[in-house]
Amino acid sequence: MSKSSGQGLSNSGLPKFLIGSEGGESRELDDKDMRNISGPYGEDEEDDQAERQIVVGICSMMKKSNSKPMTEIMERLCKFEYITVVIFSEEVILSEPVEKWPLCDCLISFHSKGFPLDKAVGYAKLRNPLLINDLNMQYFIQDRREVYRILQEEGIDLPRYAVLNRDPDRPEECNLVESEDHVEVNGEVFHKPFVEKPVSAEDHNVYIYYPTSAGGGSQRLFRKIGSRSSVYSPESTVRKTGSYIYEEFMPTDGTDVKVYTVGPDYAHAEARKSPALDGKVERDSEGKEIRYPVMLTAMEKLVARKVCLAFKQTVCGFDLLRANGHSFVCDVNGFSFVKNSMKYYDDCAKVLGNMVMRELAPQFHIPWSIPMEAEDIPIVPTTSGTMMELRCVIAVIRHGDRTPKQKMKMEVRNALFFELFEKYGGYKSGKLKLKKPKQLQEVLDIARQLLAELVLHNDCEIEEKKSKLEQLKTVLEMYGHFSGINRKVQLTYLPNGQPKASSEEEDSLKDGPSLLLVLKWGGELTPAGRVQAEELGRAFRCMYPGGQGDYAGFPGCGLLRLHSTYRHDLKIYASDEGRVQMTAAAFAKGLLALEGELTPILVQMVKSANMNGLLDSDSDSLTDCQQRVKARLHEIMQKNKDFSEEDYNKLAPTGSPSLVNSMRVIANPVKTCDQVHTLIKSLTCQICKRLEDPKSADLQLYHSETLELMLQRWSKLERDFRMKNCRYDISKIPDIYDCVKYDTQHNSSLSLEDTLELFRLSRALADIIIPQEYGITKAEKLDIASAYCLPLVKKIQLDLQRTHEDEAVNKLHPLYSRGVMSPGRHVRTRLYFTSESHVHSLLSIFRYGGLLDEQKDEQWKQAMDYLSAVTELNYMTQIVIMLYEDNNKDPSSEERFHVELHFSPGVKGCKDEDNAPMGFGFRPASSENHEKQTNQGSLEDLSQDEPDRAVLTEPINIQRKSPLIRNRKAGSMEALSESNTTSRGLAYRILPSSSRQSPEIKPSGLELLSMPPVKRFSVSYARHPTNGFEGCSLVPSIYPLETLHNSLSLKQVDEFLTACCKNGSQSQFKRLKSLSAMFESHSQPSIDVDSQETPMSTPVQLNQPAAKPIWYTGDPPSTVSSAGPSSPSVAESSSNFEFNNE
């Protein structure tokens, strides 16, 4: 057998990476260190086993051996102390007899064009190495007929197919009858469209034939040539020579799913644009084919395992078609690596290395123990000092930084608007949202037509709306193109017209029905918002256990491995707002170390939950309580005198310090509004002067805004804030604060005077108006909160309940989970991305709903004091619920399940550092945490980057390494945080970029070794170049999560949520009933259930008491799993919401 003299890494740190050549000689990639592999028969083998290396041979065509994925993975494999990699040269493979091939203990060999598979089989018989991929099965993989036969025997779903064998010896298999729109193959009829595949898997000329009703012809697929993978042909007749498989065409919405296994327990999946679509290969800016990240369903995971085992190919790629709610395997490719995924390279090397060591270390007496992966079962020390298993993470998160939202209302009565309202089904619910380009174009056409008529006829009825129509036209014509994320139009039916409410509604009262048209624009997620969301996603990984052993240097990889090995049940929901959906996609990108653009991630991974009020709310349809609250706010804020004691009692009955402080800053609300109005006028004047300055002609502001657009923004606020009766429209204060906050952060380079004073005053006003719009007294806060987020509260309750119930979906069968301590066990993650209203409302429910008694619970009192001091629920605010299970407790005990509640007020605002409220840290330190305090590799250390974009000098290593620093692009600016124990504030630091991280640019603050482990979660998330930013706008960091309570029982939380749902039911029921009565044809709101997962047959009714305590589980832990399919659906219009299990 072969032997190598080195053990572990050489002193130079070079990997043991050799190229085998004839005579058994091997050459390392680095010429400095020449090594010899012993002669072909191993006569020179020494008795000293201490230095024994396991030699992994790579036997394939050189194009494959030298490919980037193979090189990346083999370099990582060399990091295993006892593994040496030898590459067989192509000359030796093709020219030399197998007796002269290099020796190896483990063989990775696979067929490709020109490869002598027979010789490889002979070598395996001669040397009997451990085979990663079986060689004999590779003959079958070259024949599509055999592939389909094996798949069928394994019970794997295939498209319906028939084989046409043009074999003279088997004439009975060659019956083909061709008609215009179908073929009959051996008695099996296939209607067009159908697929014709050559039986040889090496022949990629697959044809798809189209029916005459669609124009006929065929699409001819072939192996990618440049940017083409297929061409259309007018030829409609099938090929008359050669043998083929004919199969049904599966409608897949234009995407194919490619799955890559590494052993039966690991698979990576990604989708690509189907080559059948238009034949154009989608490539990114670097010329690589665009692949979309995909999450496999439970059934698909089982299929991946079956394919891997049936074909005896550890490393195996195959193709899935997702169609009609099922997944069908249409091709098995054999040995195949993922391209361009650092995480996959790490995982693949880790799995292969452990597999080789497990099989061969014992027989070579190598001192290696099978690592009991900490990430195989997510056990963590809890705050109470016991080891418990993380079972569920629920997070409700506000969207990231956005451009200022703008809105214009107008009452319309023209018949054209009513026709449009009817055309898109507005009468069914009395409301209509128009976001699609075609719909917005129709609104623009109406506005243009009415304005043209106005010029011709000077119609008085239209004259009153001329300014509004012009604004409607101007906004819809902005950017020169439509995008639903940029603009939307809402129409609401008013049976008796719109009552005059403010100067915004200038029309005189008229009889008869009308439509309220609300035009909204702006509010797009900014590049900063994308960075915030992605970095928060990356940081969230560190709440999950795992990442020990080989992953020690890569925080958060516990989650990534949990996810890749099918033990992470993740669903991401977002409201229908573009900024919310893109935030969810960016967060998912960071959470799962995905690569590429956000749009494909959004399409594949984010579910829209807009149909049942789960995450959306109609801010223009206020409840009675909200209208009363707003009226009271307007009344108090219109007094031209200092706030009196009575005003403090009226406006801040809860005694919230943040409210009281803001009222003190304001003193006299009218005078403060006067100041704000004056400052806005000053701002518009300054912008006008800049516009007149020739130097500012081409000035580009943040996110492609121009000075003209900025002036429009502020001029509209100046007009709208002060009404004609000289009173102030208090509802505009949030918009003013919104705009000045945006410009202070992103357009500070303009150096406009008094913006900070405007920021200070408008913020003080907004800190009163915004939270108090959601209720002034506790009772009002709860009433309004239940109107907004009752469905979400019920959904959270269901998530907690379903976590520990025995379900058969989203997990592997226990028989397939060897090596996992709890085979069926998963971590369930539910992420809900939404807007400010839902976050305010949900927090109100936890604060005022009676979860705990402040007088009796000191921790809850401290938490309430902390929340009262928080002035603003900024972008990326998070409310996080974590559920743990103590497997040592009796299943029926209340102590079995343990709930923790955490909160972060989101992004740090301007000038926030000095007066930020102090919390008590994330998961306050327990005895275990104190013991880990000096542990440099603790997962909470966010300063260490995950491997997906790092400079990987030692990607897989047992020893703990210093933090990996990410590459920077030249010329970019980067915001780094510095942390220490004396200050929780995170300072900005701008570093000049370099192509590679230099040793001196490694601030000691990033290593955070002096911080207690629980504080390591607070490192700034925004640390990488903000690609696509205009100028040098910095990305503010995000406040760390603070633990509100860490010793709740599941029973406590469940009873609290049940009570909240019950209390909110009556008012919700009345509202929904009145809406139903108003429109008899009110359609039933529902959500499409994800067709690829199976919903429960019986919905769970949350209002009804459970037959046994919900924290009780009668089954053993191995069958307890978090699981579930997909989107919720509302079963009835009352408050008795029913959700499908998900």
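The values are calculated or read from the model by the stated rules, or taken from the named source; none is laboratory data. Keep in mind that this is a model prediction, so the values were computed, not measured. Please note: Cβ atoms are built from the backbone with ideal geometry, for glycine as well, and neighbour counts cover all protein chains shown. Just the protein is used for accessible areas: all its heavy atoms, side chains included, with ligands, DNA and RNA removed. Shrake-Rupley method; radii C 1.70, N 1.55, O 1.52, S 1.80 Å.
Per-peptide packing, taken as the mean over residues of other Cβ atoms within 10 Å, places 640-647, 728-735, 834-841 in the sequence 834-841, 728-735, 640-647 from highest down.
By per-residue mean of other Cβ atoms within 10 Å, what is the highest-first order of 342-349, 410-417? Could the numbers behind the result be given before it?
Working: 342-349: 24.0, 410-417: 17.8.
Highest-to-lowest ranking by the protection proxy: 342-349, 410-417.
Comparing Cα centroids, region 381-453 and region 334-369 end up 49 angstrom apart. Please work out whether region 236-367 counts as rounded, prolate or oblate from its C-alpha gyration tensor, where a ≥ b ≥ c are the square roots of the eigenvalues and a/c under 1.5 means rounded, while otherwise a/b larger than b/c means prolate and anything else oblate? It is prolate, given that a/c is not under 1.5 and a/b is the larger ratio. Couplings for region 623-631, taken from phi via the Karplus curve 6.51 cos²θ - 1.76 cosθ + 1.60 with θ = phi - 60°, read 6, 4, 4, 5, 5, 5, 5, 4, 4 Hz in order; Gly and Pro are left as x.
Tell me whether region 172-229 comes out rounded, prolate or oblate; compute the Cα gyration tensor, take square roots of the eigenvalues as a ≥ b ≥ c, and use a/c under 1.5 as the rounded threshold.
Values: a/c = 4.04, a/b = 1.34, b/c = 3.01.
Because a/c hits 1.5 or more and a/b fails to exceed b/c, region 172-229 counts as oblate.
Residues whose amide H comes within less than 5 Å of that of M388, counting only those at least five positions distant or on another chain, are V380, T382 (H built at 1.01 Å from N in the peptide plane).
Here the 3J(HN,Hα) profile of region 873-880, calculated from phi with Karplus coefficients 6.51, -1.76 and 1.60 at θ = phi - 60°, is 8, 6, 3, 6, 4, 10, 10, 10 Hz, Gly and Pro shown as x. The orientation-averaged projected area of the convex hull spanned by the Cα atoms of region 300-375 comes to 7.1 nm².
Once the chain from E718 to S179 is taken as fully extended at 0.36 nm per residue, the excess over their C-alpha distance is 186.8 nm. Of the peptides 530-540, 325-335, 229-239, the ranking by mean beta-carbon count within 10 Å, highest at the top, reads 530-540, 325-335, 229-239. For S67, project a label point 7 Å along Cα to C-beta. Then give me every residue of region 73-91 with its amide nitrogen under 13 Å of that point. From region 73-91, the list is 73-74. Residues whose amide H lies under 5 Å from that of V315, counting only those 5 or more places away or on a different chain, are G263; hydrogens are built 1.01 Å from N in the peptide plane. Of the two radii for region 113-233, the radius of gyration is 1.06 times the Kirkwood radius, both from the alpha carbons; that is the Rg over Rh value. Under 5 Å from the amide H of E1042 lie the amide H atoms of F903, S904, each residue being 5 or more positions distant or on a separate chain, with H modelled from the backbone and absent for Pro and chain starts.
Computed over protein heavy atoms with a 1.4 angstrom probe, the accessible surface ordering of K68, K312, K794, largest first, is K312, K68, K794.
Sequence gap of 8 or more, or different chains, plus Cα separation below 30 Å: how many lysine pairs satisfy both in region 821-921?
Here the count comes out as 4.
Working from the pairwise distances between different alpha carbons, so that the mean of 1/r is found and then inverted, what is region 627-740's Kirkwood radius in Å? Before the final figure, lay out the partial values.
Values: mean 1/r = 0.0624 Å⁻¹.
That comes to 16.0 Å for region 627-740.
With the cut-off at 28 Å, tell me which of the pairs K79/K306; K119/K312; K468/K607; K436/K716 have Cα atoms farther apart than that. Where the Cα-Cα span goes over 28 Å, the pairs concerned are K79/K306; K468/K607.
The separation of region 705-754 from region 90-115, counted between C-alpha centres, amounts to 72 Å. For region 688-695, putting each phi into the Karplus relation 6.51 cos²θ - 1.76 cosθ + 1.60 with θ = phi - 60° gives couplings of 4, 5, 4, 5, 6, 6, x, 5 Hz, in residue order, rounded to whole numbers and with x for Gly and Pro.
Roughly speaking, what is the centre-to-centre gap between region 143-202 and region 279-331 when only Cα atoms are used, to the nearest Å? Value for the Cα centre distance between the two parts: 22 Å.
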